Amino acid sequence: MCGIIGYVGNGEAAEFLMQGLTCLEYRGYDSAGIAVFDGRDLRIEKAVGRLDCLKEKLQGNTPAGHIGIGHTRWATHGAPSDLNAHPHADCTNSFAVVHNGIIENYLSIKEELLAKGHHFKSETDTEVLVHLLEDVYKGNFEVAVREVLRRVEGSYAMVFISKKDPDTLICSKQDNPMVIGLGEGENFIASDIPAIITKTRRTYIINDGEMAVVKKDSVWVFNKSGEPVTKKVLEVNWDAEAAEKGGYEHFMLKEIHEQPKAVRDTLTGHIASDNSSVILNELGWTAEYVNSFAKVYIVACGTAYHAALVGKYYIERLARISVEVDIASEFRYRQPIINDNTLIIVVSQSGETIDTMAALKEAKRLGGKTLAVTNVVGSSIAREADQVIYTCAGPEIAVASTKAYTTQLIVMALLGAYMAGLRKTVAPEMMQSLLGNLKKIPEGIETALQQEKEIKEFAKKYSTKEDLFYIGRALDYYVALEGSLKLKEISYIHAEAYAAGELKHGTLALITNEVPVVALATQKSVYEKTLSNIKEVKAREAVVIGIGLQGDKELQHYADHVIFIPETEELLAPLLAVVPLQLLAYYSAVARNCDVDKPRNLAKSVTVE
Ligand code: AGP
């Protein structure tokens, strides 16, 4: 997964490209580069390593010019190196390209071009694009790019620049994100919104298969057959600082603290003022339609998968419809049983995760009804699904997902209650209590956040451990899964989540006084059993950090430390219990001097299979 950027206008291209790449660095950061037409030649500068390495290289040597492209890379084909960094140029250095995605038929094209005498410098799949452009170019840039698009297969968001057409950028996308920003006397192309938001809020969302011809005063969009496509201007309502750190040391901490607002924004307009029902006008379902669902699948990856597990609980408990949850990268290989009475919900913060997109496409191919839950308006998954419900978390920049998770849980709760309302499977008084408590979640998160200082102390104390367990029952187990992922992905501590009742069937053998155990005990219906599991691990000398409801004296008696969350309905406890686990992971990573926002080996949105 990489970040691409383009500029054409009256300003200095290099200045915008570097600033835009800074905003996109979380998308990939093993190498970076820019190409600028300086009035005579295409100046290409690139460097392996973080963006700072490129900045250093450009010191006093920044190419001047009003049109250019840039790229920050997360390697898929070819190790991180100067040569494999984008942009890539053709043999004559007349064309250059930046690309996010994978060209699946690049080897056959490369063989054909090598046989024609083209010289390749890199090991990347991307380089074939620009040599193919050189090969088919007969004097018309647009026609040549269209021919390249006709020949290549795979996923891409790409931008071409040509010194033969020094006032034009041409871009296209398939299964990867790309947005065009509309300025005054300048236009911008980027992988996503934070890179352009300081310049313009007016954007075009480009659909798969479309090609855009971008000049400083015009943007023309064409479909696959070359017909012009009229685009609606989409106003972006993210404020500029929303994509900045807002005074926090890391995006992740900022986003943890943004959760009350993100949850409030996601709830807005979705609960009747008397808490009697959920409003989801974007669905407009009827009782008959919901009753037609024989089965629901929820499919996702990573944190979104953990939110899907909670979603299963909500829909089954409230709407009494059978739900199956699947990891997206597994879903399409097990020939899922889907027909037009099946609802498939895909959950994806970025709306670009290729495994989730593939599962969505398979679900549609099999005739299922599809619903996307995503955080990015106009994302590929949002546009592919039959219907979409947006979380309103705002940009989530940190690789570790936090506010996306809690807002996904909110949407799951709304959806479960909405379906229950249509099916009349929940008594009115219970619905009122549930929705009333849902509205209080933002305050509950604010209260949970007040224990940040104490959690920071625990984190420091246990951050030297190399192994840690998270245990819980029922919904606590699903939250334990999310808590352990958070810790693993940013602090690199090995953490494992276990159903508390399952420990004694083998894994208990790993519990010693060197293995702290985080025990979630918020589910009253299984509290006594969870308490006995805590005693089990205490008997093996484990240090226990309990996560419990405010005032739980018993938990305080058995656990070494307790982090309390405010009292709430059992169903809604995950929304609060996850907050101390996010903070525990964050401060553990800080104590271990890890790169919290850009952890090793990971990227924010995984657009490779
Ligand atoms: C979450 O902390 C991880 N970074 C990762 O598991 C992420 O949730 C997963 O890749 C799914 O991403 P998506 O929600 O954008 O589809």
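The values are calculated or read from the model by the stated rules, or taken from the named source; none is laboratory data. Predicted model, so just to flag it, every value in this text is computed and none were measured. Please note: Cβ atoms are built from the backbone with ideal geometry, for glycine as well, and neighbour counts cover all protein chains shown.
Among the residues of segment 77-92, are any over 15 Å from F120 (Cβ atoms), aliphatic (A, V, I, L, M) and buried (at least 21 other Cβ atoms within 10 Å of the Cβ)? The answer is no; no qualifying residue exists. In summary, R73 fulfils each of the numbered conditions (1) in contact (Cβ under 8 Å) with a residue 40 or more places away in the chain; (2) crowded, with 24+ Cβ neighbours inside 10 Å; (3) more than 28 Å from the chain's Cα centre (by Cα) with the single exception of condition (3).
To keep it simple, each residue is scored yes or no on (1) modelled with pLDDT under 95; (2) farther than 27 Å from R332 by Cβ; (3) over 23 Å from the mean Cα position of the chain (by Cα).
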{"site": "M252", "(1), (2), (3)": "no, yes, no"}
{"site": "Q259", "(1), (2), (3)": "no, yes, no"}
{"site": "A262", "(1), (2), (3)": "yes, yes, no"}
{"site": "T266", "(1), (2), (3)": "yes, yes, no"}
{"site": "G269", "(1), (2), (3)": "yes, yes, yes"}
{"site": "N281", "(1), (2), (3)": "yes, yes, yes"}
{"site": "I315", "(1), (2), (3)": "no, no, yes"}
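In segment 454-482, of all residues being under 19 Å from L510 (Cα atoms) and in a helix (DSSP H, G or I), the one that is nearest to the ligand (Cβ to nearest atom) corresponds to L481.
The residue that is nearest to V608 (Cα to Cα), counting only those in segment 345-369 that are more than 19 Å from the chain's Cα centre (by Cα) and in contact (Cβ under 8 Å) with a residue 24 or more places away in the chain, is E362.
This table checks each residue for (1) within 14 Å of the ligand (Cβ to nearest atom); (2) touching a Gly at 6+ places or on another chain (Cβ under 7 Å); (3) not in a helix (DSSP H, G or I).
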residue: G284; (1), (2), (3): no, no, yes
residue: Y289; (1), (2), (3): no, no, no
residue: V299; (1), (2), (3): yes, no, yes
residue: A307; (1), (2), (3): yes, no, no
residue: Y314; (1), (2), (3): no, yes, no
residue: L318; (1), (2), (3): no, yes, no
residue: I321; (1), (2), (3): no, no, yes
residue: E324; (1), (2), (3): no, no, yes
residue: S329; (1), (2), (3): yes, no, no
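Of the residues that make up segment 446-453, is at least one more than 15 Å from the ligand (Cβ to nearest atom), more than 24 Å from the chain's Cα centre (by Cα), at pLDDT 95 or above and farther than 21 Å from P566 by Cβ? The answer is no, given that none of the residues of segment 446-453 is more than 15 Å from the ligand (Cβ to nearest atom), more than 24 Å from the chain's Cα centre (by Cα), at pLDDT 95 or above and farther than 21 Å from P566 by Cβ.
Looking at S225, S218, S273, S292, which one is surrounded by fewer than 19 Cβ atoms within 10 Å (Cβ to Cβ), within 17 Å of L415 (Cβ to Cβ) and of a type in the set (G, A, S)? Steps first, answer last, please.
Values: S225 fails: within 17 Å of L415 (Cβ to Cβ); S218 fails: within 17 Å of L415 (Cβ to Cβ); S273 fails: within 17 Å of L415 (Cβ to Cβ).
Only one candidate passes the filter, namely S292.
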